[in-house]
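Visitor: Below is a structure I'd like to ask you about.
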Amino acid sequence: MSAGSRSIRGFTLLEVMLAFVLLAMLMGLAIAALANGLRQVRRAQDETKATLYAQSLLDGIGVLAPITPGQHEGTFEAGRYRYQLEVRPTRDPAPFSATPTAVTNAAPASVLYRVALQVEWGEGSAGQRLQFSSLRARVAPVPGVAP
């Protein structure tokens with residue numbers, strides 16, 4: 001065998017460059033997918049925090065604090081989460097049906113309140129918002145009886 005007849009096969013420069021371009025594109029797609037996943041995790045954490053703050057506010061209405069109609073605003077985490085709470089009397093969707101025996105032994109009438117809570121976080125139009133709504137009942141005060 002002569003030295004001229006023996007050929008060494010390998011990759012051409014064009015093939016190597018094409019392989020690097022494909023690798024770079026795939027790496028870019030993988031990094032973008034990971035970044036999107038991290039954004040989704042962050043959003044889920046923010047929504048979970050907002051839900052926990054909302055639950056703590058709603059759980060205390062009528063239990064830790066009296067039910068008072070009106071609008072209330074406040075913040076959590078030094079202003080990162082903002083809330084607007086509206087409490088107003090509402091009509092009972094399923095009113096008590098009075099029967100002759102129930103009228104004589106009737107409990108004091110209750111007042112039903114609609115509680116609407118909106119929790120926001122983030123800046124400007126990109127801000128996030130969750131809305132919650134609940135009903136709360138309070139026994140109406142009986143005239144002449146101290147609470």
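The values are calculated or read from the model by the stated rules, or taken from the named source; none is laboratory data. Computed from a predicted model, the values in this text were never measured in an experiment. Cβ atoms come from the backbone with ideal geometry, glycine included; neighbour counts cover every protein chain shown.
So that you can scan it fast, the table gives a plain yes or no per residue for (1) more than 28 Å from the chain's Cα centre (by Cα); (2) more than 22 Å from G60 (Cα to Cα); (3) at pLDDT below 75:
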| site | (1), (2), (3) |
| --- | --- |
| R80 | no, no, no |
| E86 | no, no, no |
| T99 | yes, yes, yes |
| E123 | no, yes, no |
| Q128 | no, yes, no |
| F132 | no, no, no |
| L135 | no, no, no |
| P143 | yes, yes, yes |
| P147 | yes, no, yes |
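Visitor: Here is a further query. If you go through segment 21-73 one residue at a time, how many are on the phi > 0 side of the Ramachandran plot and either surrounded by 10 or more Cβ atoms within 10 Å (Cβ to Cβ) or in contact with a helix residue (DSSP H, G or I) (Cβ under 9 Å, 6 or more places away or on another chain) (or both)?
Guide: 1
Visitor: Pairs needed: first member in segment 75-86, without any contact (Cβ under 8 Å) to a residue 12 or more places away in the chain; second member anywhere, among the hydroxyl-bearing types (S, T, Y) and part of a strand (DSSP E or B); C-beta distance under 8 Å; at least 6 residues apart or different chains.
Guide: T75/Y81; T75/Y83
Visitor: Can you spot a residue in segment 57-64 that is closer than 30 Å to S110 by Cα, free of Cβ contacts under 8 Å to residues at least 24 places away in the same chain and under 18 Å from the mean Cα position of the chain (by Cα)? Full working, then the answer.
Guide: Start the filter on segment 57-64 by keeping residues that are closer than 30 Å to S110 by Cα, which leaves 57-64.
Next, only the ones that are free of Cβ contacts under 8 Å to residues at least 24 places away in the same chain stay: 59-60, 63-64.
So of that shortlist, the ones also under 18 Å from the mean Cα position of the chain (by Cα) come out as 59.
Yes, segment 57-64 has at least one match.
Visitor: Quick check on L14: is it more than 25 Å from G122 (Cα to Cα), modelled with pLDDT of 90 or more and loosely packed, with under 10 Cβ neighbours inside 10 Å?
Guide: Judged against the criteria, L14 is a match.
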